[in-house]
Structure formats: C-alpha cells, structure tokens
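Novice: Below you'll find the structure I mean.
The values are calculated or read from the model by the stated rules, or taken from the named source; none is laboratory data. These figures come from a predicted structure and were not determined experimentally. Ideal geometry is used to build each Cβ from the backbone, glycine not excepted, and the neighbour counts take in all protein chains shown.
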Amino acid sequence: MGSPATVAFEGMPQREVVCLSRRDGEVVIGLGRRLLHRFDEGDIGMRNMALVSLTSSGVVSNLEAAVLFGLNADYIAKLRTRARRGGSLGLLPPLGRPPRLDAKDRAKVLRLAAAGESGQDIAKRFGVSGATISRLLAGAPTPLALAVEAAADTAPDAEVAGTDEESTDPTPPTALVAIPVGGPVRPSRYAGAMLLWPFLTAVGFEEVFAGVAGGPARRFDDLCVLGTGVFGFALGASSLEGIKHLGRADLGTLVGREQAPELRTLRPRLGAIADACDPAGIQTALARGLRASDEAPSQVFFVDDHFVAYSGAQPLAKGWDAKRRHATKGRTDTYVVHLDRRALCFSSTEPTGLSRTIGSALDQLREICGEGAAITLGFDRGGSYPGVFSCLRDEGVTWITWRRGDMAAPAVAPRWSWFALDGTRHRYLLADESVDLPGYGPARQISILDAGEVVAQVLTSDTAATAARMVHLLRWRWRIENAFKYLGDHHGIGWLCEYRMDLVRDDSEVHNPARKHALTQL
C-alpha cells in the first residue's frame, strides 16, 4: 500500500481533508470518511475527470489539486477549459498517429515564427514538411490567449484556453504582449522587436527622418511607413515583398497603429520618400548617430567590394562573380564596416576594383567620423597597390593590408611579439622591419613566421602600434566577409532593386586595338 497524500490548510477547520492514496495499481480519492473516486492508476481519462469534478465542484482549488496529484496548476486549468468545450471527450488522451513535433518542438516553432523566420526555414530546421509548419502556425493561439494563459500563475483558479498537450513543466508560458507607455495594452507576436526602439532612438531615427516628405498621407504618415520597413527587415523579411507575409495587426502594434500598411501602400510611399530625399545624406546621418551612441567609438574600419550580378539587356561592364566563379555583367558595392561588424556606409559603381572604388567610400567615412578624426582602414590584397597607399596617405588615413605577390625575405631576425585582449595574451613570431615600396616610399612590413618559414606579410603605415596587435587586427578583417554573409541572408544586398539602367558617358581608358595587333605581329 502506498502512503496517502492529503491536502489541508490552516485557518480553515470547517473543511474536510481530501486524501489520495495509491494501492495495488489503483488510485483512491476520499473526502473525510467518504469515497469519491476510484480508478486504475494508468487511466488518464478517469484521472482527468476526477480532477475536473473536484475543482469544478469547489472541493479543492486548482493549486490544491496540483499539490494533490503532483501536476501543474496551469495544466489543470486547461483540463477544465477542454471539459467545458468538449465534455468528457475533451479529457481523453489524443488518439491516432502521434504528432511529428512534440510540445517542446511546437513551442520552438512558434517562437521562431514570432521572430520572423520563414516557414520553409523552420521546416528544414525540424526535418518536416512546410505543410506541417503551416498547419501548426494556422492553429496557434493568439497573443491575447497567451497573455491570459500566463495570468494563470497569479490566479490559479482561473480557466484559460490552452493546447491539448499534457505538461508538467512548472514554468508558466511567456506571453508576448507589447505595452506602450501611457497607452492601452496591445498584443503582438512580434513584441520582442520592440527592443529595437531604444536603438532607433539612440541613433536618432525620428530626427533624421523628420524632414522627409513622401507626399500626402491619408492614413499612415512617413515615419509609420519607414518604421514598417525597418521592423519588417528586422523580423527577417529580406525584401519589401516579404513584409506581406507578416501579420499586419502584430506589425502595426510595433509602429503604433491598429494595422501596418499593406504592400500596395508601402511601394509607392517608399518610392516617393526615396525620390524626395537624399539617400546618401540619410545614410550618413544614421551612421553618424550610430557612432555617437557609442561611449568610445573605435577608429578601425574595414572596406571591401561586393559584386551584384545583372542579367538585363543593358551593356554594363563585367566583373568577377565570386559565387558563380566567372565574369559577368553587374555592379560593385563598396562597403565600410566598423570593427564591431556593423556596416556604416556603402557606394555603388561599375566593377573597377577596390583600388578605384575605395575613394568614394572614404569620402562618406570622413563625413561620418568628422574632419580630423583618426581613421585606420583595413583591406585585403584587392586594394594593395601603391596608388591606394598614396591616396590614403594624402587623406591622413592609416592603412593596413596584406602584401601582394611573392613573399619578400625579411632582413631582420624574427622576435616574439604579444599583446593582451580581454585578458588573453596573443603571441606571434614576427619579423618587423621598414621597407621601401616602389611608387610609394617607406612602409612597415611585418612578416609572420611559422615553422621557420614566412607564411604571410602585413604592410601598414602605422609605425607606433605593437606588431602583434597589427597582425591580429588584420586577421579581424574577416569580419567584413561575415557582414556580407548576414547582410545577404537578411537584407538582400545581392539583389537588384530594378533592371532599368541609365547609360552614361564612359571616359575610362581602354587598350588600343591597333597597338595590340602590332604587339602580336612583333
């Protein structure tokens, strides 16, 4: 015989004691000297009926029944709701084939969908079909129901709506409810994105777009239209077209409206705003506010080109497409990324190489950082030319890059160099010397040795910093490659907005065909 479990509370002597005991595979529930329920221990349906009858009749509360049966009070509240909606059939365990996703997996799916991840990506993550995810999201509880369900922890006797799955997790579900300050409570499955507002405030989002006018606003002002685009991209939409798959009411809560603008409203309004403003000036103002929000902004930046392919009929110049591994028509975007991986600015031009596009990007960076600010610019071998070094020197910019071509034998003996970062000491065997670069002049060359051989060489105009720090700094240049990856995944930088191109005069020098023919004959 098992020892009986009882529930009794002080200060209430008029109530009889409810007792539960388990003996010989049976569960016996009594009230004082009276027998109320007896059923097999494995009969979940009878157990659920006993729970509902005890709590609905007022014999015990949800919390007391949870202590008596060793269950969760929220689960008992859900049982009462299921009994009220479906009668005794609602208390039986689900029949048929077991679901492909258990309760924990379904909760993860809902959280990923609320974060903006697409159904196809979620399906790939869990190894199920897209239809399975669509059915699950279609039958998901509303944010308001989740909020009421979360309130069951503070009001154990309340009946709340829930799923049909059994749970013994004592942690109450988390409700996603956006609560504007000074306003009514409004539910949104995207309430976590509200954390973006402090960041937008810090960079001066409203001040920058305050003077933007995109035509007459009937229902949505310009700031609401722009905010819808910002939050749409933040929730995972890689294009404006993808915003239509987000919940309008939930997205509207983020921008202070009952519903977010539709796609047919966003397209013309954003186009009008773009035509009426200076995009480069807005980009510079936002980047300046981003740097101003940092307590101690770093002066180290990385610059590189990103090629975007073009498949239209216009006669564009060709560039190297690293994804397809061949030359094709397109344009080149030159990005400047902060040391902490944040993209600050970009410029677009024909694919001419980093040695020619770095100038326009540097002009924008000067506007962002201010005249006279110390700037250290890191780039790969694509810009490692004496002409680029001279341009940066004339602009007062410190540069650092890898040496092109074959390794030069160091003229000094290697020595160990180290520097500390976040409590960790980084050590390199380096040969630090000054060399004379043809077409430029004296520069610092740092040779990296491994097993007695030179494996890489760093060129820089910084003669004061520790050699180990400069090597480690250039290794961080890979952060701009990661920035390209995530910008491509989440912000569509590899896509063209349109295929219309304006033909302009091309004054760039080309090879003389007559000279080429003469050289061939010679």
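Novice: Going by the conditions given, is Ala431 more than 29 Å from Phe346 (Cβ to Cβ) and either at pLDDT 90 or above or touching a Gly at 6+ places or on another chain (Cβ under 6 Å) (or both)?
Specialist: Here the answer is yes, as Ala431 does meet what is asked.
Novice: Further, regarding this structure: I'd like to know if region 464-479 contains one or more residues that are of a type in the set (S, T, N, Q), at pLDDT 90 or above and not assigned by TED's automatic domain parsing to the domain that holds Leu235. Let's see the steps before the verdict.
Specialist: Going residue by residue through region 464-479, those that are of a type in the set (S, T, N, Q) are 466.
Now drop any that are not at pLDDT 90 or above, which leaves 466.
Now restrict to residues that are not assigned by TED's automatic domain parsing to the domain that holds Leu235: 466.
Checked against the condition, which is being of a type in the set (S, T, N, Q), at pLDDT 90 or above and not assigned by TED's automatic domain parsing to the domain that holds Leu235, region 464-479 yields at least one hit.
Novice: What is the number of the single condition among (1) under 26 Å from Thr201 (Cβ atoms); (2) among the basic types (Lys, Arg); (3) assigned to a helix (DSSP H, G or I) that Arg341 does not meet?
Specialist: (3)
Novice: Follow-up question, since we're still on this one. Looking at Leu473, Leu437, which is the one that is under 40 Å from the mean Cα position of the chain (by Cα) and either surrounded by fewer than 11 Cβ atoms within 10 Å (Cβ to Cβ) or of a type outside the set (Phe, Trp, Tyr) (or both)?
Specialist: On the way: Leu437 fails: under 40 Å from the mean Cα position of the chain (by Cα).
Answer to the check: Leu473.
Novice: Considering only region 432-445, state which residues are within 16 Å of Gly405 (Cβ to Cβ) and in contact (Cβ under 8 Å) with a residue 12 or more places away in the chain.
Specialist: Val435, Leu437, Pro438, Gly439, Tyr440, Ala443, Gln445, listed by residue number.
Novice: If you don't mind, there's one more thing I want to ask. Of the residues Lys329, Lys323, which is more than 30 Å from Ala465 (Cα to Cα), in contact with a Leu (Cβ under 9 Å, 6 or more places away or on another chain) and not in a helix (DSSP H, G or I)? Lay out the reasoning, then the answer.
Specialist: Values: Lys323 fails: in contact with a Leu (Cβ under 9 Å, 6 or more places away or on another chain).
Testing whether each residue is more than 30 Å from Ala465 (Cα to Cα), in contact with a Leu (Cβ under 9 Å, 6 or more places away or on another chain) and not in a helix (DSSP H, G or I) leaves just Lys329.
Novice: Is it the case that region 86-97 has a residue that's over 23 Å from Gly25 (Cα atoms) and either crowded, with 18+ Cβ neighbours inside 10 Å or modelled with pLDDT of 80 or more (or both)?
Specialist: There is no residue in region 86-97 that is over 23 Å from Gly25 (Cα atoms) and either crowded, with 18+ Cβ neighbours inside 10 Å or modelled with pLDDT of 80 or more (or both).
Novice: Another question, if that's okay. Hey, could you check region 358-412 for residues that are charged (D, E, K, R) and not in a loop (DSSP other than H, G, I, E, B) and say which is farthest from Arg288 (Cα to Cα)?
Specialist: Of all residues in region 358-412, those charged (D, E, K, R) come to 363, 366-367, 371, 380-381, 393-395, 403-404, 406.
Still in the list and also not in a loop (DSSP other than H, G, I, E, B): 363, 366-367, 381, 393-394.
Numbers: Asp363: 14, Arg366: 10, Glu367: 8, Arg381: 29, Arg393: 24, Asp394: 23 Å.
Ranking the qualifying residues of region 358-412, first place goes to Arg381.
Novice: Condition check: in a strand (DSSP E or B), surrounded by fewer than 16 Cβ atoms within 10 Å (Cβ to Cβ) and modelled with pLDDT of 85 or more. Does Arg22 satisfy that?
Specialist: Values: in a strand (DSSP E or B): yes; surrounded by fewer than 16 Cβ atoms within 10 Å (Cβ to Cβ): yes; modelled with pLDDT of 85 or more: no.
When the stated conditions are applied, Arg22 does not pass them.
Novice: Quick check on this structure: which one of Ser311, Ser355, Ser348 is assigned by TED's automatic domain parsing to the domain that holds Arg475, part of a helix (DSSP H, G or I), surrounded by fewer than 19 Cβ atoms within 10 Å (Cβ to Cβ) and among the hydroxyl-bearing types (Ser, Thr, Tyr)? Break it down into steps so the answer makes sense when it comes.
Specialist: Details: Ser311 fails: part of a helix (DSSP H, G or I); Ser348 fails: part of a helix (DSSP H, G or I).
On inspection, the qualifying residue turns out to be Ser355.
Novice: Could you list all residues from region 268-281 that are more than 17 Å from Asp221 (Cβ to Cβ) and assigned to a helix (DSSP H, G or I)?
Specialist: Residues of region 268-281 more than 17 Å from Asp221 (Cβ to Cβ): 275, 278-281.
Scanning region 268-281 gives Asp275, Pro279, Ala280, Gly281.
Novice: Considering only residues that are touching a strand residue (DSSP E or B) at 6+ places or on another chain (Cβ under 6 Å) and surrounded by 20 or more Cβ atoms within 10 Å (Cβ to Cβ), which ones fall in region 374-388?
Specialist: Once the filter is applied, which keeps residues that are touching a strand residue (DSSP E or B) at 6+ places or on another chain (Cβ under 6 Å) and surrounded by 20 or more Cβ atoms within 10 Å (Cβ to Cβ), region 374-388 yields Thr376, Leu377, Gly378, Phe379.
Novice: Is there any pair with a first residue in region 291-313 that is farther than 22 Å from Ser384 by Cα and modelled with pLDDT of 85 or more and a second that is among the charged types (D, E, K, R) and surrounded by 14 or more Cβ atoms within 10 Å (Cβ to Cβ) whose Cβ atoms are under 7 Å apart and which are 6 or more apart or on different chains, and what are they?
Specialist: Val308/Arg331; Val308/Asp333; Ala309/Asp321; Tyr310/Lys329; Tyr310/Arg331
Novice: Could you check region 40-64 and list, in sequence order, the residues that are without any contact (Cβ under 8 Å) to a residue 24 or more places away in the chain and among the hydroxyl-bearing types (Ser, Thr, Tyr)?
Specialist: Ser53, Ser57, listed by residue number.
Novice: Of the numbered conditions (1) within 23 Å of the chain's Cα centre (by Cα); (2) without any contact (Cβ under 8 Å) to a residue 60 or more places away in the chain; (3) surrounded by 17 or more Cβ atoms within 10 Å (Cβ to Cβ), Arg257 satisfies every one except a single condition; which is it?
Specialist: Going through (1) within 23 Å of the chain's Cα centre (by Cα); (2) without any contact (Cβ under 8 Å) to a residue 60 or more places away in the chain; (3) surrounded by 17 or more Cβ atoms within 10 Å (Cβ to Cβ) one by one, Arg257 breaks only (1).
Novice: Another one. Anything in region 404-434 that is under 18 Å from Leu473 (Cβ atoms) and surrounded by 13 or more Cβ atoms within 10 Å (Cβ to Cβ)? List them, or say none.
Specialist: Listed by number, the residues that qualify are Ser417, Trp418, Phe419, His426, Tyr428, Leu429, Leu430, Ala431, Asp432.
Novice: Hey, among the residues in region 256-267 that are outside any helix (DSSP H, G or I) and among the charged types (D, E, K, R), which one's nearest to Cys224 (Cα to Cα)?
Specialist: Keep residues of region 256-267 that are outside any helix (DSSP H, G or I), which gives 256-262.
If we keep only those that are among the charged types (D, E, K, R) as well, we get 257-258, 262.
On the way: Arg257: 8, Glu258: 12, Glu262: 12 Å.
Among those that are outside any helix (DSSP H, G or I) and among the charged types (D, E, K, R), it is Arg257.
Novice: Let me ask something additional. Exactly one of these conditions fails for Asp102: (1) outside the structural domain of Leu36 (by TED's automatic domain parsing); (2) modelled with pLDDT of 85 or more; (3) not hydroxyl-bearing (Ser, Thr, Tyr). Give me its number.
Specialist: Asp102 satisfies every listed condition except (2).
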